[in-house]
Amino acid sequence: DVVQAHVFMAPDPAKGGGMDFAGMNKVWLTRFGTPTQPHKPARAAFKVAALAADGPLLEIEFIAVKKAK
């Protein structure tokens with residue numbers, strides 16, 4: 001299960017250089033907090049000047065745990 005996420009967001013030209021946090025959150029809620037995945041991991045979002053690859057506006061780092069048997 002994902003327990004924490006760090007979201008790095010590059011400026012979105014379509015948003016005047018701002019973060020599209022609303023767009024990211026809309027997609028986020030299709031994956032977390034749903035009937036099939038009810039958990040909502042802790043999350044921190046950061047605006048960065050750019051990402052390593054040209055083009056993408058979002059990078060997410062997940063921390064997950066696995067239950068011991």
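The values are calculated or read from the model by the stated rules, or taken from the named source; none is laboratory data. For clarity, every value in this text was computed on a predicted model and none was experimentally measured. Just so you know, the surface numbers come from the protein's heavy atoms only, side chains and all, with ligands and any DNA or RNA stripped out. Shrake-Rupley method; radii C 1.70, N 1.55, O 1.52, S 1.80 Å.
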>> Every residue in region 1-59 that is hydroxyl-bearing (Ser, Thr, Tyr) and open to solvent by 40 Å² or more (accessible area, probe 1.4 Å), please.
In response: THR30, THR36
>> Quick check on region 60-69: of everything there that is at pLDDT 90 or above and part of a loop (DSSP other than H, G, I, E, B), which residue is most open to solvent (accessible area, probe 1.4 Å)?
In response: LYS66
